[in-house]
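No value in this document is a laboratory result; all are computed from the given coordinates. Because the structure is predicted, anything quoted here is derived from the model rather than measured.
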Amino acid sequence: VNSIEYIKFSFHNGGSFLYSSIIISTSFSDTLSREKASTAGNQDISFTTPTGIAGSATLILTYDNSTSIDASLDFTDIDLLDDGVNVTLAAAPTGATWGVVRTSATVITFTNGSSAVGAGSVVRIKIGTNATNQSTGVRQITNGPAGTTTLVLSGTFGDSGTASMSIVDDDTVS
């Protein structure tokens, strides 16, 4: 079973939802090339940003602790597209180039250089061997055990969201 998307927005605080203080990115999804437990695979993340992403703003992807980001993963394993147009990535932001860093085993941080992403833009992030813009990616993200795993979108750019993905014991069909 491939390319199943589960989307869940859960912002709950003491019985009341905080809609007024949170900008929820729309159409936030993460499509996995493999949904098998403890298996490395590509990720294809997409969302529409209601607010846009200003120069020097951060975009942070945080996986729950069951997911593992390869320690060597870097910008060469990732593509970022703004409305279908590839953005130049490097280890640190400079000018129009975005910086991308694996900040822990569960977090990837993107820092915009000076290029603004407009409100309403579709942002797409490809991680793994499906990243082919500046080089072909080598490293992938490893799924945790069977169950539900989450990816949280946050950062200084102001949008947020949570995507939930189902991880299964075996993702082959016979």
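For this structure, a couple of remarks:
- Calculated diffusion of the range 84-166, Stokes-Einstein form, Kirkwood radius summed over Cα pairs, 20 °C and 1.002 mPa s, µm²/s: 147 µm²/s
- Annotation: Cα Rg of the range 17-150 relative to the compact-globule expectation 2.2 N^0.38 Å equals 1.03.
- Dimensionless Rg ratio for the range 69-113, taking C-alpha atoms and the 2.2 N^0.38 Å reference: 1.11
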